[in-house]
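Below is one structure, written out as structure tokens; comments come after it.
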Amino acid sequence: MRGNATTPGSAVMERAAIDRTTIELLARRAGLDKALAAFPDDVTAAATQAGTAAARMQAPADPRAEPWPPMKVGAGR
Amino acid sequence: MNDLHWLTAEAAARAIAAREVSPVELTKALLERIERLDPRLNVFIRLDADAAIAAAKAAEQEIIAGRPRGPLHGVPVGIKDIIDVAGLPTTCHSKILVDNIAAEDAVCVARLRGAGAIVLGKLSTHEFAIGGPSFDLPWPPARNPWNTAHHPGGSSSGSGSGVAAGLFPMALGSDTGGSVRNPASACGIVGLKPTYGLVSRRGVFPLAFTLDHVGPLTRTVADNALMLEVIAGHDPLDPGSAAAPAGGYAAAMERGVRGLRIGFVRHFHETDLPASAEVAAGLENVAGTLKSLGADLRDIRLPALGEFAAVNRVILQSEAWTIHGSWLRERPGDYGRLARRRLLPGAFLSAGDYVHANRRRLEMIAAVDDALREVDVLLCASAMDPPSRIEDAEETERTYPRQARTPFNVTGHPALAMMAGLSSNGLPLSVQFVGRNFAEATLFQVAGAWERAAGTDTRHPPIG
């Protein structure tokens, strides 16, 4: 991960490309044996898509930043 | 009265209250139109005609007895089939839930019935509100009444198509990544994603807990405000429900936009995801018209669409995985291909990805809040392209993510999409307005001004 506690998070999250063996390992760990057997292309596409989405997020401006609460709009402004 | 099917909800309620139109007459007229047009549109998964007629007869008796229930007395409504209606299946347009009978009404449905609305039935959606127009599900996908060869948008596809086609004047939809505003855009009607927490989600099948919103789809801005007036309000049993004051949504609708500061988010459609020429021209026309009506137009920058989409996707797919994981493990073949592909990524996202996405989300909320301190309303694209051809999977796959709706699921701000005009081949173009949290009345103010200037409420698809 690039970015640090003192610079704004302008860098995207780095993530290594995922290979087929790793995809199968992760899919089995998630209990997706049936999907892997019947729809291997869908499982591969899903793994790739997950990696792409995660990689497109910017690294946090401050790694100490609180993530919660994500959605509490409260009593209005 | 002629053309009952083009009556707005407001006009229908007024005519019913004045005993100029009977709820039975109106309901029967719509059922006749549904019988004639729905074989081409596939709006309904489950039409509940007998119950609708029975409810209309009861509504008629209540009017005769001088006991109207509320502002929607006798007005028919369609309900997206991820929202519970007591006694009817909530299938989510999926084989997985084909026998899932709802025990009670969702809160939003109960509120509509409490205001006198008549439920016509359950409407087509993308599978579990995420898949896409699919031909491998138990029911066919809904089609666009402006041209049935085209997609009506989704996932609230039946809601958008049915309202635009005059099958009912109002419908409920849900919006997790744009699913109310997409069909509103594609079908040339008005769709609102309210502020997160303003409308209860209890009784609505979840897609992603922190992104899900329930919202109204109507043919006019006034009807949208009226419907929101009925469904908005705190629900202590919905953990996401906001304890905020609700109501007064139509208060500023006739006020016009003179002096209102409107921020045009041009980079969304000019550089982030360059829009088709007709969409871009439509947006310029809306902006120019509002300026000519006295609005103070200025350019505003927000984070890039690509990152909004990534944050939305990581949160949505992580949360959805916790709902669908067991079915995806045991019954992957019972999902359609599109929904399976869009739900499986959750298995490959880490807890760290989810936390990062939420952390970034807070920064995005702050960015939109900052922009809305500088202006009263944002104006931006909704869709970057006119609706795709529904049987052209490649075109749909290419155009589907080319939109600017997901940012406001990420941030929770209210966002309204409506018609901006028509393309050269007669398909709706769209615009989106975004407001401060709980400032839906200001959105209706701007949308109402555009509607009056452009006459968007009088344009109907050439069907039936």
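Here is a check on your reading of the model: is residue B:137 part of a loop (DSSP other than H, G, I, E, B), more than 21 Å from residue B:464 (Cα to Cα) and aliphatic (A, V, I, L, M)?
It is true that residue B:137 is part of a loop (DSSP other than H, G, I, E, B), more than 21 Å from residue B:464 (Cα to Cα) and aliphatic (A, V, I, L, M).
Filter segment B:404-413 for residues that are touching a Gly at 6+ places or on another chain (Cβ under 6 Å) and of a type in the set (S, T, N, Q) and give the result.
Residues satisfying the conditions are B:406, B:409.
So in segment B:81-111, with the set limited to residues that are within 16 Å of the chain's Cα centre (by Cα) and farther than 23 Å from residue B:328 by Cα, which one is surrounded by the most Cβ atoms within 10 Å (Cβ to Cβ)?
Only one residue tops the list, namely B:108.
If I filter segment B:204-226 for residues that are within 12 Å of the chain's Cα centre (by Cα) and β-branched (Val, Ile, Thr), do I get at least one hit?
Yes, segment B:204-226 contains a residue that is within 12 Å of the chain's Cα centre (by Cα) and β-branched (Val, Ile, Thr).
Out of segment B:322-354, which residues are part of a helix (DSSP H, G or I), without any contact (Cβ under 8 Å) to a residue 12 or more places away in the chain and surrounded by fewer than 17 Cβ atoms within 10 Å (Cβ to Cβ)?
B:326, B:329, B:330, B:333, B:351, B:352
Taking the conditions exactly as written (closer than 29 Å to residue B:402 by Cα, among the aromatic types (Phe, Trp, Tyr) and in contact with a strand residue (DSSP E or B) (Cβ under 9 Å, 6 or more places away or on another chain)), does residue B:209 satisfy them or not?
So residue B:209 fails the test.
Considering only segment B:112-133, state which residues are among the charged types (D, E, K, R) and either crowded, with 22+ Cβ neighbours inside 10 Å or closer than 30 Å to residue B:150 by Cα (or both).
B:122, B:127
Each row is one residue, and each column tells you yes or no for (1) in contact with a Leu (Cβ under 6 Å, 6 or more places away or on another chain); (2) modelled with pLDDT of 95 or more; (3) under 24 Å from residue B:111 (Cβ atoms); (4) crowded, with 24+ Cβ neighbours inside 10 Å.
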site	(1), (2), (3), (4)
B:153	no, yes, no, yes
B:157	no, yes, yes, yes
B:171	yes, yes, yes, yes
B:179	no, yes, yes, yes
B:186	no, yes, no, yes
B:206	no, yes, yes, no
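Within segment B:277-311, how many residues are at the interface with chain A (Cβ under 9 Å from one of its Cβ atoms) and either in contact (Cβ under 8 Å) with a residue 60 or more places away in the chain or aliphatic (A, V, I, L, M) (or both)?
Residues flagged as at the interface with chain A (Cβ under 9 Å from one of its Cβ atoms) and either in contact (Cβ under 8 Å) with a residue 60 or more places away in the chain or aliphatic (A, V, I, L, M) (or both) within segment B:277-311 amount to 4.
Within segment B:372-429, which residues are buried (at least 24 other Cβ atoms within 10 Å of the Cβ) and of a type in the set (D, E, K, R)?
Passing the criteria: only B:405.
Given the options B:256, B:247, name the one that is surrounded by fewer than 20 Cβ atoms within 10 Å (Cβ to Cβ), under 29 Å from residue B:169 (Cα atoms), without any contact (Cβ under 8 Å) to a residue 24 or more places away in the chain and more than 10 Å from every other protein chain (Cβ to nearest Cβ).
Selected residue: B:247, the only one of B:256, B:247 that is surrounded by fewer than 20 Cβ atoms within 10 Å (Cβ to Cβ), under 29 Å from residue B:169 (Cα atoms), without any contact (Cβ under 8 Å) to a residue 24 or more places away in the chain and more than 10 Å from every other protein chain (Cβ to nearest Cβ).
Just for segment B:447-464: of the residues that are surrounded by 23 or more Cβ atoms within 10 Å (Cβ to Cβ) and within 18 Å of the chain's Cα centre (by Cα), which one is farthest from the other protein chains (Cβ to nearest Cβ)?
For segment B:447-464, the residue satisfying everything is B:456.
Which one of the conditions (1) in a helix (DSSP H, G or I); (2) touching a residue at least 12 places away in the same chain (Cβ under 8 Å); (3) not polar (S, T, N, Q) does residue A:62 fail to meet, given that it meets all the rest?
Residue A:62 satisfies all of (1) in a helix (DSSP H, G or I); (2) touching a residue at least 12 places away in the same chain (Cβ under 8 Å); (3) not polar (S, T, N, Q) except (1).
Return a yes/no flag: does segment B:49-62 have any residue that is charged (D, E, K, R), out of contact with any Ser or Thr (no Cβ under 8 Å at 6 or more places or on another chain) and closer than 24 Å to residue B:160 by Cβ.
So far as segment B:49-62 goes, no, none of its residues is charged (D, E, K, R), out of contact with any Ser or Thr (no Cβ under 8 Å at 6 or more places or on another chain) and closer than 24 Å to residue B:160 by Cβ.
Considering only residues that are among the small types (Gly, Ala, Ser) and in contact (Cβ under 8 Å) with a residue 24 or more places away in the chain, look in segment B:355-368 and name the one that is farthest from the other protein chains (Cβ to nearest Cβ).
Here the residue is B:367.
The values are calculated or read from the model by the stated rules, or taken from the named source; none is laboratory data. All values reported here derive from a predicted model rather than from experimental measurement. Quick reminder, even Gly has a Cβ in these numbers, built from the backbone with ideal geometry, and neighbours come from all protein chains shown.
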